[in-house]
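To start, the structure under review is shown below, and the notes come after it.
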Amino acid sequence: MSWLTPHIGTQLVDLGSALLLLTCFAIVAQRRLSACVDLFALQSLFLAMTAALVAFLTGTPHIYFAAALTVLVKVLVIPRVLKRVIERLNVTRELVMNINVPASLLICGVLVMVAFFITQPIMPFGHLLTRDSLAIALAIVLIGFFTMIARQKAVTQLIAFLVMENGLFLGATAATYGMPLIVELGVFFDVLVAALIAGIYTNRLQDAFDSVDTTRLSELKE
Amino acid sequence: MTKEQAILQAIALTLAQALVLLAVSPAIVGLIRKVKARFQCRQGARVFQPYADLAKLFRKQPVVSTTTSWIFTATPYILFASTLTAGLLVPAFASQMPLNFAGNIIALVYLFALGTFFLILAGLDAGSPFGGMGSSREAIVASLTEPAMIMSIFAIALTAGSTNLSTIVHKTALLEGIVTDPSPHLMALAALFIVALAETGRVPVDNPATHLELTMIHEAMLLEYSGRYLALIEWASAMKLLVFLSLIANVFAPWGIATTLTPMALSIGLAVYLAKVAGLAVLIGTIECMFAKLRLFRVTDLLGVAFILALLGLLFFYILRG
C-alpha cells in the first residue's frame, strides 16, 4: 500500500463527501418524486463508500459495520418503502414549490458557504484525515433542513429529513471517526422506524385529504 | 534547434491541429447520429455521411433573401473562423499548443460568444418569425451558460494556477503541482458537461434532429441559410462540438496526450485523443436517447444546476485545502 499516502487518502475521503453534496443538489433540483428516491439511495451508497473508505484508512472495524447497515437500511429498505408509498399516490412530481428550483439552488449554494465559514475556524485544530468533510457534512444538514421548508409534499419532506440524517452520519464520521456502535445501531433503528411511520402517515394523508400537501395540515377540522 | 526550425515546427503543429479538427468533426456528428440510430433499433446512416452532406451543400447554389444585410452573408465566415481559432487554443493531441500565447481560456469562451452573437444577429436579419424566435432563445441559453462556463473554468484555472489551457493540460498530464485535487475538478467537469450540451444544442436543451418544430433553438436560426453558407455553419457547429469534447477530455483526463514533440508521442497522442473524443460522442448519443428534451422554461433549472456546480468547484478549492 505504498501509493496510499495519507494525502491521497484525505483526497479520496474529500471526493466521497463532494459526491454526497453533489447528490444533495441533484435532489434539490429534481421534481420527480421517484427520481428523488433514487438519488437518495445513490447518496446513501456514496455515504457507505465514504464510511468504508474511512474505516479502511483508519483501521476502525466498527465503521465497516455502520457502512454495511447504511447499505442495508438506506440503500435497500427505505427506498423500497418510499417507492411503494409513491405508487399509491396520485402525484408523480412536485409542481408547486414554496421556492422555485433556481432560487433554491442559489440558496443552497449560500448555505454551503455559510457552513464553510462556520467550520473554518475549527478545522485547523483537527488532526483527523477526515476533518475537511466537516464543512460538507454541515452543508448537507443545512440543505436537508432547507429542502424540508421549501417543499410541500410529504414524500420530499421525508427524503429531505433522511438527507439531513446522512449529513449527520458524515459529520460524525468526519469529526470523531464515527459514534460508538451502540449509538449507531440506535440511530439506524430510529431512522428506519421514522421512515416507516412517515410512509404510513403519508398514506393516511392521501386518504384523508386526497393530497400529500402538508400545508393542508394547518387547517384544523372538527 | 535553431529559431527557424522552431517556428516551422510551430506552424506545422498548428496546421496539423487545424486539419484534425476540420477532418474529425463531421465524423463525430455522424458517430452520435449512428449511436442514436442503433439505440432506436434503426440501421442509421454511415458514420461518414456528414462529409457527403457537406460536399453536397458546398456544390449547391446559395439562395439569399433580398431583405438581408451584409451580416447574413458574413456570419457563416465569422462563425467558422472564430470556431476554428477557438479550436486552435485547445490542446488536442499535443499538450503545448504553439498558439497558446495568443489567448487563454477566457479568450476561448469569448471566441465562442462572438460566433454565437453573430449567429443571433443573422437569425434576426432575414426577418422570418422562426429566426427571431430561435435568436431570442439562443440569447437566453447563451446568457445562462456563460456564467456557468466562466465559473467552472475559474475552478480549473485555480487548481492549475494558470488560465493558459496549454499550461493546465501540460501540468495535469505530468501530475505537477496541486492539479491532482479531484473534488473541484469533479464539480467543474459536471458543470462544463452541462454547458457543453447546452452550447452545442444537444438534447436536454435543444434537439439537433428537428427541423420545423416550435421547440427548436439552433435550427431555427439557420432556416434561411442554404448552399455553402449552410455547409459552413454546419461544419462550424460540428467543430464547436469537437472543441468542447476536446476541452472536457483534455482538461480533466489529459493522460496519453503528447507532452513532447517526438513522432512516437504525437502518434500515441493522436490515437488516444480520437479514442477519448469518440468515447464522449458515444456518451452524448446515449444521453440523447435516455433523456427527453426539457421544456424551454425548465432549461433555466438545468443551467442553474451547472452554475451552482461550478460555484461549488470554486468553493471546494478553498474548503478542501484545509
Task: Qualifying positions in the range B:115-128 - at pLDDT 85 or above and of a type outside the set (Ser, Thr, Tyr) - done: B:Gly115, B:Phe117, B:Phe118, B:Leu119, B:Ile120, B:Leu121, B:Ala122, B:Gly123, B:Leu124, B:Asp125
TODO: Could you tell me whether the range A:80-92 includes any residue that is within 12 Å of chain B (Cβ to nearest Cβ), polar (S, T, N, Q) and surrounded by fewer than 21 Cβ atoms within 10 Å (Cβ to Cβ)?
DONE: no
Open item on the list: Which of the numbered conditions does B:Ala209 fail, given that it passes all the others? Conditions: (1) of a type in the set (A, V, I, L, M, F, W, C); (2) at pLDDT 90 or above; (3) over 21 Å from B:Ser162 (Cα atoms).
Closed with: (2)
- [ ] Under 7 Å between Cβ atoms, at least 6 apart or on separate chains: pull out the pairs that start in the range A:64-92 with a residue that is in contact (Cβ under 8 Å) with a residue 12 or more places away in the chain and end on any residue that is of a type in the set (Lys, Arg) and not in a helix (DSSP H, G or I).
- [x] A:Val91/A:Lys153; A:Thr92/A:Arg32
Task: Number of the exception - A:Val101 against (1) away from chain B (no Cβ under 12 Å); (2) closer than 18 Å to A:Leu39 by Cα - done: (1)
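Residues of the range B:65-104 being modelled with pLDDT under 85 and surrounded by 22 or more Cβ atoms within 10 Å (Cβ to Cβ), which ones?
Residues of the range B:65-104 that are modelled with pLDDT under 85, as a first pass: B:94-104.
Selection gives B:Ala94, B:Ser95, B:Met97.
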- [ ] Answer yes if at least one residue in the range A:144-151 is touching a residue at least 40 places away in the same chain (Cβ under 8 Å), closer than 21 Å to A:Ala41 by Cα and aromatic (Phe, Trp, Tyr), and no otherwise.
- [x] yes
Task: So B:Gln49, is it within 17 Å of the chain's Cα centre (by Cα) and closer than 20 Å to B:Leu274 by Cβ - done: no
- [ ] Output yes when any residue across the range A:7-15 is among the charged types (D, E, K, R) and within 13 Å of another protein chain (Cβ to nearest Cβ), and no when none is.
- [x] yes
TODO: State which residue pairs qualify: first residue within 26 Å of A:Leu15 (Cα to Cα) and inside the range A:174-192, second residue part of a helix (DSSP H, G or I) and acidic (Asp, Glu) in any location, beta carbons under 6 Å apart, and separation of 6 or more residues or different chains.
DONE: A:Val191/A:Glu165
Open item on the list: Filter the range B:1-45 down to the residues that are surrounded by 13 or more Cβ atoms within 10 Å (Cβ to Cβ), closer than 30 Å to B:Glu288 by Cβ and over 20 Å from the mean Cα position of the chain (by Cα) and list them by number.
Closed with: B:Ala37, B:Arg38, B:Phe39, B:Gly44, B:Ala45
Task: Sole exception among (1) within 14 Å of chain B (Cβ to nearest Cβ); (2) of a type in the set (Gly, Ala, Ser); (3) crowded, with 23+ Cβ neighbours inside 10 Å for A:Ala29, by number - done: (3)
Open item on the list: Restricting to the range B:1-30, and then to whatever is in contact (Cβ under 8 Å) with a residue 60 or more places away in the chain and of a type in the set (Ser, Thr, Tyr), can you tell me which residue is farthest from B:Ala238 (Cα to Cα)?
Closed with: B:Thr14
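If we keep just the residues of the range B:212-222 that are crowded, with 19+ Cβ neighbours inside 10 Å and not in a helix (DSSP H, G or I), which is modelled with the highest pLDDT?
Looking at the filtered set, the residue picked out is B:Ile217.
Output yes when any residue across the range B:250-266 is assigned to a helix (DSSP H, G or I), more than 14 Å from every other protein chain (Cβ to nearest Cβ) and exposed (fewer than 15 other Cβ atoms within 10 Å of the Cβ), and no when none is. Explain how you work it out, then say what you get.
At the first step, the residues of the range B:250-266 found to be assigned to a helix (DSSP H, G or I) are B:250-252, B:263-266.
Now restrict to residues that are more than 14 Å from every other protein chain (Cβ to nearest Cβ): B:250-251, B:263-266.
Subsequent filtering for residues that are exposed (fewer than 15 other Cβ atoms within 10 Å of the Cβ) retains B:263-264.
Scanning the range B:250-266, I find at least one residue that is assigned to a helix (DSSP H, G or I), more than 14 Å from every other protein chain (Cβ to nearest Cβ) and exposed (fewer than 15 other Cβ atoms within 10 Å of the Cβ), so the answer is yes.
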Open item on the list: Given (1) among the hydrophobic types (A, V, I, L, M, F, W, C); (2) in contact (Cβ under 8 Å) with a residue 12 or more places away in the chain; (3) surrounded by fewer than 19 Cβ atoms within 10 Å (Cβ to Cβ); (4) within 30 Å of A:Ala103 (Cβ to Cβ), identify the lone condition not met by B:Phe297.
Closed with: (2)
- [ ] Report yes if B:Leu309 is in a helix (DSSP H, G or I), in contact (Cβ under 8 Å) with a residue 12 or more places away in the chain and either within 11 Å of chain A (Cβ to nearest Cβ) or touching a strand residue (DSSP E or B) at 6+ places or on another chain (Cβ under 8 Å) (or both), otherwise no.
- [x] yes
Task: Residues located in the range B:267-295, provided they are in a helix (DSSP H, G or I) and within 14 Å of another protein chain (Cβ to nearest Cβ) - done: B:Met290
Open item on the list: Against the definition (part of a helix (DSSP H, G or I), in contact with a Lys or Arg (Cβ under 9 Å, 6 or more places away or on another chain), at pLDDT 90 or above and not polar (S, T, N, Q)), how does B:Phe112 come out, yes or no?
Closed with: yes
Open item on the list: For the range B:109-117, check the following and say yes or no: at least one residue is in contact with a Ser or Thr (Cβ under 6 Å, 6 or more places away or on another chain) and either over 23 Å from B:Ala310 (Cβ atoms) or among the basic types (Lys, Arg) (or both).
Closed with: no
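The values are calculated or read from the model by the stated rules, or taken from the named source; none is laboratory data. These figures come from a predicted structure and were not determined experimentally. Cβ: placed from backbone, ideal geometry, glycine included. Neighbour counts: every protein chain shown.
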